[in-house]
1. Multiply the residue gap between residue 226 and residue 34 by 0.36 nm, knock off their C-alpha separation, and tell me the result in nm, one decimal place.
2. Which distance in nm do the two modelled labels at residue 435 and residue 41 give, with both placed 7 Å along the Cα-to-Cβ direction?
3. So if we plug the beta-carbon distance of residue 237 and residue 536 into 1/(1 + (r/R0)^6) with R0 = 45 Å, what FRET efficiency do we get, rounded to 0.05?
4. Tell me which residues come under 5 Å, amide H to amide H, from residue 377 once H is placed; ignore anything under 5 positions away on its chain.
5. Pop the C-beta distance of residue 80 and residue 121 into the FRET formula with R0 = 45 Å and round what comes out to the nearest 0.05.
6. Report the residues of the stretch 309-330 in range of a label on residue 380: point 7 Å along Cα→C-beta, backbone N strictly under 11 Å from it.
7. So, counting K/R as plus one and D/E as minus one, what does the shell of residues with Cβ under 14 Å around residue 165 add up to?
8. Please enumerate, by chain and number, the lysines with C-alpha under 16 Å from the C-alpha of residue 222, excluding those fewer than 8 residues away in the same chain.
Amino acid sequence: MSDLFLGLDCSTQSFTTIIINFESKEIVFTNRVIYDNALPQYNTKNGAYFFKNSVVHSNPLMWVEALELSFENLVDNGLAIEEIKVISGSAQQHGTVYLNKNFKEVLQSFDSKISLKEQLKNVFSRETSPIWMDSSTSKQCEEIRKALGGLKSTIRITGSNTFERFSGPQIRKFYQEDPNAYFKTSIIHLVSSFISSLLLAKNSPIDHGDGAGMNLMNIKSKEWDLKALEATAPNLKEKLPTLCKSYEIIGNISPYFVDRYGFSPETLLVAWSGDNPNSLIGIGLTEKGKVGISLGTSDTYFSYMKDLYFDLKGEGHVFGAPTGDYMGLICYKNGSLAREKIKDKFNLTWEEFSEILNQTPPGNHGKVMLPYFFPEIVPFVLEPKIYRFGFGEDDLEGNVRAIIEAQFLSMRLHSEWINERPKEIYATGGASANREILQVAANIFNKKIRIFKISDSAALGAALRDVKSYYDFLGKEIKWSKIVSRILHIQNCEVIKPSRNYKELYADMLEVYRKCEDFSLKNGQNPEKIRKEFIKKYFKNKKN
Ligand code: XUL
């Protein structure tokens, strides 16, 4: 008998399963259900429904079916399901699931002969769920921010400015647009606590990591903030689950899963959290001085924080870290889908895309792009628009290098408030498998980039959180650093080194980029003078 730990991740485009054997230091199973392919009946594109006016939703029943497919996969693969000691999970942050009064009853009377999807058909008071890509709530953001005393006060109370994708503004919009349905809603879950409620067969709490992404939790007391609740919607407190520590054991798995898939009835459940807090653990950022970048549907830059401090400019977020401390984060909507826009526009394969990155010079002859294919979070851009300085939309090489340089220049620029100055950066997410993209990142940050073999850091983080809570539960406390290094060090991390030759070039280009942003978004000075100087300094013999 071995002790297995299961981590799940309900992300934007797919549902991932990872099982680790902590004793033998092995990852024994990974599997991914891609919604668009495995569940085409939901008609999602990249896991979502893109409606007009920046409304982006997904389908909670699709996530339920993905969970079922993932468990069926465990059975089909002959996994020793009964040896799984603990389950926890991760989910895309901020998305909300609206449930009516049937939900509680249905949870209590799950019938293991019938699929979950079938039993959950009539539990939703809102058929689809707004997700983190939605940016349709500017009005509500403004209203809540005002009620909380303005920008700085909102940040000090909730850890972030009000953001369009955050749960509070989304809940307020639902209440304003469909008050009947709002009042018929018995409970509002996050994606994480919704899936966790199914495993527990009762309403699961929301952990402090994901709770911090709602504009509803007081970031200091880690309780629902009454002023924020009041500013959002009436009777909201009674419609929200309780809050809990991320490492809390919330109960045992429901008999439904024992009967249907063969889990042991002793299987413990640890609170679920958001994908970013899970990734923090999944790449081993459990102490000061370490920074991660996750390159997925969203690109994020994040860091463990021992002490609480804020980005009072309002671009960044502070979330709870699964260790009980904090994490700082900035998030980009124009991540992998924006990279794909350029790849697809020129009909490139990823290999061809990378080859172009290899062959084009750092600094891109002074060609600068501001790539807002979708509304952007950092910097705040509501209307999608692509700005190009010094080149046109048909310039194949210029566009390929410009999008990648733009993404990392923007990250370097907007992460300045996170005062961790790391020696190296840990990379995860789908695009972290692309060496050429990471070489650009290493050069721009002028830091070594460490790549983990497992790019599913969110699911892995959930499995590692299982281990920590399990040993704490047994009274054999093991340090976080020991837990993460035991599984992560076997992965033989590859390191991408920055080239010293480009240190000054990218420091200069950062100023060009800053000016381009200021000019385009804040009516700043025209950047042409500084851009031309940059070209003269680094590309003087070449034609622009
Ligand atoms: C973080 C954010 C995204 C989602 C989806 O604030 O919005 O990273 O969690 O991955």
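The values are calculated or read from the model by the stated rules, or taken from the named source; none is laboratory data. Quantities reported herein were computed from a predicted structural model and do not represent experimental measurements. Counting neighbours? That spans all protein chains shown, and the Cβs are built from the backbone with ideal geometry, glycine included. The accessibility values were calculated without ligands, DNA or RNA, using every heavy atom of the protein model including side chains. Shrake-Rupley method; radii C 1.70, N 1.55, O 1.52, S 1.80 Å.
1. Between residue 226 and residue 34, full extension yields an extra 65.2 nm.
2. Taking the simple label geometry, residue 435 and residue 41 are separated by 4.4 nm.
3. The formula returns an efficiency of 0.15 here.
4. Those qualifying (amide H under 5 Å, at least 5 residues apart or on another chain) are 333, 334.
5. 0.90
6. Within reach of a label on residue 380, which here means backbone N under 11 Å from a point 7 Å along Cα→Cβ, the stretch 309-330 contributes 313-316.
7. In short, -3.
8. The qualifying lysines are 237, 245, 306.
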